[in-house]
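Following: one structure in structure tokens, then a few remarks.
The values are calculated or read from the model by the stated rules, or taken from the named source; none is laboratory data. Please read all numbers here as calculations on a predicted model, not as lab measurements. Ideal geometry is used to build each Cβ from the backbone, glycine not excepted, and the neighbour counts take in all protein chains shown.
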Amino acid sequence: MLTTMGAALAVAGFSHYAHAQNPIVIKFSHVVANDTPKGKAAERFKELAEKGTKGRVKVELYPNSTLYKDKEELEALQLGAVQMLAPSLAKFGPLGVKEFEVFDLPYIFQNRDVLHRVTEGPVGAGLLAKLEPKGITGLGFWDNGFKVMSSNVPMRLPSDLKGKKLRIQSSKVLDAQMRALGANPQVMAFSEVYQALQTGVVDGTENPPSNLYTQKMHEVQKHVTVTNHGYLGYAVIVNKKFWDGLPADIRTELNKAMKSATQYANAIAQIENDNALDAVKKSGKTTVYQLTDKERADWVKALMPVQKDMEGRIGKDLIQSVHKEAAALGLK
């Protein structure tokens with residue numbers, strides 16, 4: 001009997017030891033390719049998180065919508081089916097945090113310096129805090145880049161897109177933006193865009209060059225115009241209950257890993273997009289057009305009214321706070 005009890009205790013002790021050694025698994029899902037700024041930053045976070053926690057955390061990456069698509073991922077995070085995401089900032093409007101749609105406003109950021117004053121300062125921190133009541137903790141902002149327009153027709157003037165069906169993310173601001181151009185916005189999951197362009201379900205779309213190139217959209221789009229009219233970035237988020245339940249020392253190491261991964265993401269974003277645009281040009285499949293100063297002024301004139309129109313939805317004070325950051329840098 002004592003032998004049996006001793007054996008049982010030994011098994012129990014081994015089970016406890018094995019359980020204690022099981023790593024904490026973080027499922028990190030995203031919808032873009034590994035060789036994009038977000039994909040590379042996720043890889044960097046995984047490397048740093050696992051190293052910093054000495055294997056106590058295992059980060060499983062699920063790129064290219066292999067686990068969840070655009071419309072599914074936020075609900076999956078809130079339910080705890082996945083622990084970490086890096087959704088585009090446009091995703092938070094439909095979730096009920098409309099203030100995030102400030103990032104969708106056309107020509108709201110004159111350059112990356114203005115952008116980073118927003119994302120790395122009190123405005124950005126205030127926006128992330130608004131996710132807490134939704135069961136979400138925001139860890140940081142990752143850049144992708146400024147968007148270009150793609151279509152099968154040349155686009156030099158805003159009127160060139162009149163009547164065209166253009167894919168957008170689900171965003172009231174992006175909807176208003178396309179309508180200001182006279183286009184017909186079509187909400188569609190990112191994973192479905194290539195086929196929709198290929199079959200003519202939509203005529204064109206907007207993306208940073210890195211997304212356009214890595215998803216091979218340039219193969220089914222004859223023209224790209226470098227409008228830099230809008231910004232596409234991401235918020236790295238975790239399930240709040242999961243995050244709060246982690247040991248404090250683990251959270252500390254994960255925050256360190258996230259800080260380093262964020263610096264890396266934002267350092268490579270512009271380079272990745274420049275390289276992607278060069279690759280699109282070299283492919284010979286797509287004509288890339290750079291706007292003249294006069295043409296750019298026409299695009300700005302067509303799209304700037306969207307900022308005023310969206311004040312009631314996003315908040316006039318928030319929009320003005322972004323303009324104040326630009327003014328602090330001597331920009332108007």
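Here is a list of conditions, (1) in a helix (DSSP H, G or I); (2) in contact (Cβ under 8 Å) with a residue 40 or more places away in the chain; (3) surrounded by 20 or more Cβ atoms within 10 Å (Cβ to Cβ), and M178 meets all of them except one; can you say which number that is?
Failing condition for M178: (2).
Kindly provide the set of residues from the range 49-68 that are basic (K, R) and loosely packed, with under 15 Cβ neighbours inside 10 Å, ordered by number.
Residues satisfying the conditions are K51, K54.
Return yes or no: is F141 farther than 21 Å from A189 by Cβ, in contact (Cβ under 8 Å) with a residue 12 or more places away in the chain and crowded, with 22+ Cβ neighbours inside 10 Å?
In short, yes.
Using beta carbons and a limit of 6 Å, which pairs, at least six apart or on different chains, have the first residue in the range 146-165 and small (G, A, S) and the second one part of a strand (DSSP E or B)?
S150/G204; S150/T205; S150/V224; S151/G204; S151/H223
Between A86, A33, which is of a type outside the set (K, R), within 21 Å of I271 (Cα to Cα) and at pLDDT 95 or above?
Unique residue meeting the criteria: A86.
Given S159, S150, which one is of a type outside the set (A, V, I, L, M, F, W, C), over 18 Å from the mean Cα position of the chain (by Cα) and assigned to a helix (DSSP H, G or I)?
S159
Where residues in the range 228-280 are assigned to a helix (DSSP H, G or I) and β-branched (V, I, T), which of them is surrounded by the most Cβ atoms within 10 Å (Cβ to Cβ)?
V280
Is there any pair linking a residue in the range 100-126 that is surrounded by 20 or more Cβ atoms within 10 Å (Cβ to Cβ) to one that is modelled with pLDDT of 95 or more and of a type in the set (G, A, S), with Cβ under 6 Å and at least six apart or on different chains, and which?
Short answer, once both residue conditions are applied: P106/G230; V118/G124.
Could you list, in sequence order, all residues of the range 69-83 that are outside any loop (DSSP other than H, G, I, E, B) and either surrounded by fewer than 20 Cβ atoms within 10 Å (Cβ to Cβ) or out of contact with any His (no Cβ under 9 Å at 6 or more places or on another chain) (or both)?
Answer for the range 69-83, where residues must be outside any loop (DSSP other than H, G, I, E, B) and either surrounded by fewer than 20 Cβ atoms within 10 Å (Cβ to Cβ) or out of contact with any His (no Cβ under 9 Å at 6 or more places or on another chain) (or both): D70, K71, E72, L74, E75, A76, L77, Q78, L79.
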